[in-house]
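Each remark here refers to the structure printed beneath this line.
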Amino acid sequence: MNTSQATELALFPLTAEVNNRGHLVIGGCDIVDLVKEFGTPLYLFDESTLRHKGREFKDEFCKYHPDTLVIYASKAFLNRALALIFKEEDLGLDVVSGGELSIAHSVDFPLDKVYFHGNNKTPEELNLALDLGVGRIVVDNFYELELLNRLAGERRTSQNILLRLTPGVDPHTHQYTTTGTIESKFGFPLATGQAEEAVNQALSASNLNLLGLHFHLGSPVSEVQPYELAIELVLRFAREMGRKFGFNLSEFDIGGGFAVPYTLDARVPTIDGYASALTGKLNGLVSELGLSRPRLIIEPGRAIVGQAGVALYKVGAIKEIPGIKKYVCVDGGISDNIRPALYGAKYEALVANKALEAKREAVTIAGKLCESGDILVRDASLAVVQPGDIIAIPVCGAYSIPMSSNYNAVPRPAIVTVNEGRARLIRRRETYQDLMSLDLI
Ligand code: LLP
């Protein structure tokens, strides 16, 4: 492999290489063979990248703050096979719905390491969490505080909780995924005094055991400064609550949002960069404020699954508007990845069966859905493309599949994991029959 190929593959999973047929290979599997076997669109997850990223978060954060628990944010993508991998890797889980909780439960995921988030958990979801014995419920608002206290009381149990705070810090990310600022729908704002009132109420609730505080600023957050500022604000608040109400911060959950590069020119902190900055701030303040060192919880989602996932499509129609634009149309689109249309997310692409060929043209990779906004990549620089070629888009592991839809009654893609030359189907392709299976006439 030469240097320019190595650079090109940098966004792909850690096992990516090009074989002497000029085909992209991931996890020891030739992509052309994989697509022949499973069809397209196909999402693949490289098992060793998944495991590696989980371990890297644990190693890097524990290096500076040994009592760190890494809980994978399931919303980035969870199915039963992935839940099993994360269970084997001894990670915890952040779940945000009864559905995610049920997936975890179905593989006997240790539920004491599950943190249940959400701004409007239903009574049914809270009952399920209490019945299953979820480790922590992260209480988001006054309604939930009262409801959970009542439901736990009906069971004569005491539920361990954290409170989600809104620190009032701008993470400089897309407005749809900004949660740390005061107008957010999530959490108890610090600035309005509601966070203090929540601590007071939680400490006096007879069926709740307040163990700590949580914040999540947004996603992705490509700078460390917003985290540092929020850590400082929340730790000062914790000390204040200690003085006023005798509150002890034994768990401090600083959320997720760790960024990954989607394009070759993107620059984001490394996992070690986040770890050293955030734990440095935390450890420094803990000593300065005379607090005892809390357990640190982090909730990476995208940074664990993003790079591990690759979307594979087959090229069909190619439309050239002379002097204006060339469209390369693929057999998926916003139905399996709405991120470009929703957030203006940018991706790179590679012709997986022509991985050694020079990139000769700039094209627009369009999907097959009936919307002009169904564009996956603008200005992709590709080898000359023909119908039947395979387009691989890297860094598709996070938030594509979980936000997918059946728009235009398009079935959702199949998903495989690849590892050491073997591919395993972990979700079969939807069929037309599946699309109709819930309809009644
Ligand atoms: N913890 C909480 C409380 C969260 O709300 C989230 C993400 C995370 C952790 C994980 O964030 P991550 O490490 O994956 O960045 N659909 C958007 C992202 C929405 C994120 C929602 N919350 C996207 O496609 O970019």
Filter result (out of contact with any strand residue (DSSP E or B) (no Cβ under 6 Å at 6 or more places or on another chain), open to solvent by 10 Å² or more (accessible area, probe 1.4 Å) and under 14 Å from K314 (Cβ atoms)) within the stretch 336-366: K354
Residue within the stretch 385-397 that is of a type in the set (D, E, K, R) and open to solvent by less than 90 Å² (accessible area, probe 1.4 Å) present: yes
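Kindly state which strands (runs of 3 or more DSSP E) lie completely within the stretch 205-303 and contain at least 1 residues that are at pLDDT 95 or above and of a type in the set (V, I, T).
Qualifying strands (runs of 3 or more DSSP E): 295-298.
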Selected residue [in a strand (DSSP E or B), of a type outside the set (A, V, I, L, M), open to solvent by 60 Å² or more (accessible area, probe 1.4 Å) and closer than 18 Å to V35 by Cβ] from R412, R378, R424, R429: R424
Near pairs, Cβ below 8 angstrom, 6+ apart or cross-chain, from the stretch 214-233 (open to solvent by 30 Å² or more (accessible area, probe 1.4 Å)) to any residue that is acidic (D, E) and within 9 Å of the ligand (Cβ to nearest atom): H216/E299
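Could you tell me how many of the residues in the stretch 41-68 are within 13 Å of the ligand (Cβ to nearest atom) and out of contact with any Asp or Glu (no Cβ under 8 Å at 6 or more places or on another chain)?
Start the filter on the stretch 41-68 by keeping residues that are within 13 Å of the ligand (Cβ to nearest atom), which leaves 53-54, 57.
Applying the additional criterion that residues be out of contact with any Asp or Glu (no Cβ under 8 Å at 6 or more places or on another chain) yields 53, 57.
Final tally of qualifying residues: 2.
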Scope the stretch 417-428; condition under 19 Å from the mean Cα position of the chain (by Cα) and within 18 Å of E17 (Cβ to Cβ); matching residues: T417
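What number of residues in the stretch 168-210 are more than 13 Å from the ligand (Cβ to nearest atom) and open to solvent by less than 30 Å² (accessible area, probe 1.4 Å)? Talk me through it step by step, then tell me what you get.
First pass over the stretch 168-210, keeping only residues more than 13 Å from the ligand (Cβ to nearest atom): 168-170, 172, 181-183, 188-210.
Filter once more, keeping what is open to solvent by less than 30 Å² (accessible area, probe 1.4 Å): 169, 181, 188-189, 195, 198-199, 202, 205, 208, 210.
Qualifying residue count, the stretch 168-210: 11.
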Tally, over the stretch 146-186, of residues that are in contact with a helix residue (DSSP H, G or I) (Cβ under 8 Å, 6 or more places away or on another chain) and in a loop (DSSP other than H, G, I, E, B): 11
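Condition check ((1) within 22 Å of F245 (Cβ to Cβ); (2) in contact with an Asp or Glu (Cβ under 7 Å, 6 or more places away or on another chain); (3) aliphatic (A, V, I, L, M); (4) at pLDDT below 95) across all residues:
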{"site": "L132", "(1), (2), (3), (4)": "no, no, yes, no"}
{"site": "I137", "(1), (2), (3), (4)": "yes, no, yes, no"}
{"site": "N141", "(1), (2), (3), (4)": "yes, no, no, no"}
{"site": "N149", "(1), (2), (3), (4)": "yes, no, no, no"}
{"site": "R155", "(1), (2), (3), (4)": "no, no, no, no"}
{"site": "N160", "(1), (2), (3), (4)": "yes, no, no, no"}
{"site": "V169", "(1), (2), (3), (4)": "no, no, yes, yes"}
{"site": "Q194", "(1), (2), (3), (4)": "yes, no, no, no"}
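Return the residue satisfying two criteria in turn: it lies in the stretch 305-335 and is among the β-branched types (V, I, T) and in contact with a helix residue (DSSP H, G or I) (Cβ under 7 Å, 6 or more places away or on another chain), and of such residues it is least open to solvent (accessible area, probe 1.4 Å). Let's see the steps before the verdict.
So in the stretch 305-335, the residues among the β-branched types (V, I, T) come out as 305, 310, 315, 318, 321, 324, 328, 330, 334.
Subsequent filtering for residues that are in contact with a helix residue (DSSP H, G or I) (Cβ under 7 Å, 6 or more places away or on another chain) retains 305, 334.
On the way: V305: 0, I334: 21 Å².
By that ranking, first place goes to V305.
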The stretch 251-290: number of residues that are within 28 Å of R236 (Cα to Cα), of a type in the set (A, V, I, L, M, F, W, C) and crowded, with 18+ Cβ neighbours inside 10 Å: 11
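Please state which one of G316, G332 is assigned to a strand (DSSP E or B) and in the same structural domain as A362 (by TED's automatic domain parsing).
Details: G332 fails: assigned to a strand (DSSP E or B).
The unique qualifying residue is G316.
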Positions within the stretch 401-441 being out of contact with any Phe, Trp or Tyr (no Cβ under 7 Å at 6 or more places or on another chain), within 16 Å of the ligand (Cβ to nearest atom) and not aliphatic (A, V, I, L, M), in sequence order: S404, S405
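For residues that are out of contact with any Ser or Thr (no Cβ under 7 Å at 6 or more places or on another chain) and not charged (D, E, K, R), tally how many sit in the stretch 179-197.
If we filter the stretch 179-197 for residues that are out of contact with any Ser or Thr (no Cβ under 7 Å at 6 or more places or on another chain), which is where we start, we get 179, 181, 183, 185, 191-197.
Filter once more, keeping what is not charged (D, E, K, R): 179, 181, 191-195.
Selection size over the stretch 179-197: 7.
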Output for the stretch 74-89, where each listed residue is more than 12 Å from the ligand (Cβ to nearest atom) and of a type in the set (G, A, S): A81, A83
Odd one out for K326, checked against (1) closer than 22 Å to S74 by Cα; (2) more than 10 Å from the ligand (Cβ to nearest atom): (1)
Pair list, Cβ under 6 Å, 6 or more apart: the stretch 129-145 residue in a strand (DSSP E or B), other residue at pLDDT 95 or above and open to solvent by 40 Å² or more (accessible area, probe 1.4 Å): R136/N160
Residue check for S405: open to solvent by 10 Å² or more (accessible area, probe 1.4 Å), modelled with pLDDT of 95 or more and in the same structural domain as G323 (by TED's automatic domain parsing): yes
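The values are calculated or read from the model by the stated rules, or taken from the named source; none is laboratory data. Since this is a predicted model, take the numbers as computed values, not measurements. When we count neighbours, we look across all protein chains shown, and the Cβ atoms used for this are built from the backbone with ideal geometry, even at glycine. SASA here: full protein model, heavy atoms, side chains in, ligands and nucleic acids out. Shrake-Rupley method; radii C 1.70, N 1.55, O 1.52, S 1.80 Å.
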